[in-house]
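*Asks:* I'd like to ask some things about the structure below.
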Amino acid sequence: MNKLVESADAAVADVKDGATIMVGGFGLCGNPENLILALHRKGVRDLVLVSNNCGTTELGLGVLLKARQIRKIVASYVGENKEFERQFLSGELEVELVPQGTLAERIRAGGAGIGGFYTATGVGTQVAEGKETRLLSGREYLLELPLKADFAFLKAWKADTWGNLVYRKTTRNFQPMMAAAAAITVAEAEEVVEPGALDPDLVHTPSIYVKRVVRGERYEKWIERRTVRPATA
């Protein structure tokens, strides 16, 4: 029942070339920093990543992109990464852009065992190309299919050794859905406690979805654009 592993490197040891990995985070908020860097050190390639975005040019998932470890990314936003732009325009990177709400629902559907769903988002745009459409109550909808993955890499604020997870504020983002949609969910946490130390009513992801837990180290908690209030007289 104890799912704690000794290091991030041990936690990603079975990730192979070509794996599909869901990665938590919104921008650089809630990134599993230690797992991303461990994957970079491992050097696996041809990865398919499902995440809201691909970090920045130098940080987050951008580290894997810069090292040419990613073959395809399914994301909803890519505006902070110049290397992403370069690789996409040169044909080096396969990209599937998905509206943000649709991305979240496709991940949720993957974890819930839903075969697909209809949404009006994207009708009449490039998002609709090649997709089945249906007229419902006089409005056109697109059929969107679920997303699943071999692995999910998550960042928790607290975890117990059994794998119950608590996220902090907006770092929760896509992570509860990803935990359910992956065959193997690996979570790193800032603090790891013994079973019973977490209030059950505050657990966001129950341990049944989590295979491994690692205690994170040396968090930088990157920020894309740091802004401060102007000085007052």
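The values are calculated or read from the model by the stated rules, or taken from the named source; none is laboratory data. None of the values given here were measured: they were computed from a predicted structure. Every residue, glycine as well, gets a Cβ built from its backbone with ideal geometry; the counts of neighbours run over all protein chains shown. Please note that ligands, DNA and RNA were not included when accessible areas were found on the heavy atoms of the full protein model with its side chains. Shrake-Rupley method; radii C 1.70, N 1.55, O 1.52, S 1.80 Å.
*Asks:* Of all residues being open to solvent by 50 Å² or more (accessible area, probe 1.4 Å) and among the basic types (Lys, Arg) in the stretch 69-115, which is farthest from Ser51 (Cα to Cα)? Just the residue, please.
*Replies:* Out of the qualifying residues, it is Arg86.
*Asks:* In the stretch 168-194, which residue that is part of a loop (DSSP other than H, G, I, E, B) and farther than 21 Å from Ala10 by Cβ is most open to solvent (accessible area, probe 1.4 Å)? Walk me through it before giving the result.
*Replies:* Applying the first criterion (part of a loop (DSSP other than H, G, I, E, B)) to the stretch 168-194 yields 168, 173-174, 194.
If we keep only those that are farther than 21 Å from Ala10 by Cβ as well, we get 168, 173-174.
Numbers: Arg168: 112, Asn173: 38, Phe174: 11 Å².
Only one residue tops the list, namely Arg168.
*Asks:* Could we say that Asn31 is surrounded by 19 or more Cβ atoms within 10 Å (Cβ to Cβ) and either within 14 Å of the chain's Cα centre (by Cα) or part of a loop (DSSP other than H, G, I, E, B) (or both) here?
*Replies:* Numbers: surrounded by 19 or more Cβ atoms within 10 Å (Cβ to Cβ): yes; either within 14 Å of the chain's Cα centre (by Cα) or part of a loop (DSSP other than H, G, I, E, B) (or both): yes.
Yes; evaluated as a whole, the condition is true for this residue.
*Asks:* Can I ask one more? Any residue at all in the stretch 37-46 that is among the aliphatic types (A, V, I, L, M), in contact with a helix residue (DSSP H, G or I) (Cβ under 6 Å, 6 or more places away or on another chain) and buried (at least 18 other Cβ atoms within 10 Å of the Cβ)?
*Replies:* Yes, the stretch 37-46 contains a residue that is among the aliphatic types (A, V, I, L, M), in contact with a helix residue (DSSP H, G or I) (Cβ under 6 Å, 6 or more places away or on another chain) and buried (at least 18 other Cβ atoms within 10 Å of the Cβ).
*Asks:* Mind checking which residues of the stretch 16-26 are in a loop (DSSP other than H, G, I, E, B) and open to solvent by 10 Å² or more (accessible area, probe 1.4 Å)?
*Replies:* Listed by number, the residues that qualify are Lys16, Asp17, Gly18.
*Asks:* Oh, and also: Tell me which of these Val203 doesn't satisfy, since it passes every other one: (1) under 27 Å from Glu58 (Cβ atoms); (2) of a type in the set (A, V, I, L, M, F, W, C); (3) at pLDDT 95 or above.
*Replies:* Val203 satisfies every listed condition except (1).
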